[in-house]
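So the structure is just underneath, and the comments pick up after that.
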């Protein structure tokens, strides 16, 4: 019986399968369920193994749910990467501004280094 099933699967174009990644697996899985559920002989073959049409439809739904979850994960990953890039850009701008600010403070308070501490610049004791 297993030989007959593999012949049916080959005839449907379901065998052999060489996966190379998640996308290939997903496309192949969707193709398998679509072909099997659309082919009465294949459904009859699976019924011989106590795999009903309802079980196959439930399996197909799990594959579709996996596809939706993967798409959502990819979207969230892209959003996180964009947020990180925006954060890094803002920090670079802030860092450039702080360098300019510290230069101005250094020049303005050159004669009164103790006031630098009021704006958050720690002055070593020997420089006072």
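A short reminder: the numbers here are calculations on the coordinates, not readings from a lab. Being a predicted model, the structure only gives us computed values, none of them experimental. Cβ coordinates were reconstructed from backbone atoms using ideal geometry, including for glycine residues, and neighbour counts include every protein chain displayed.
Residue 103 - would you say it is free of Cβ contacts under 8 Å to residues at least 60 places away in the same chain and farther than 30 Å from residue 22 by Cβ? So residue 103 passes the test. Scanning the stretch 109-128 for residues that are touching a residue at least 12 places away in the same chain (Cβ under 8 Å) and assigned to a helix (DSSP H, G or I) turns up 113, 114, 119, 127.
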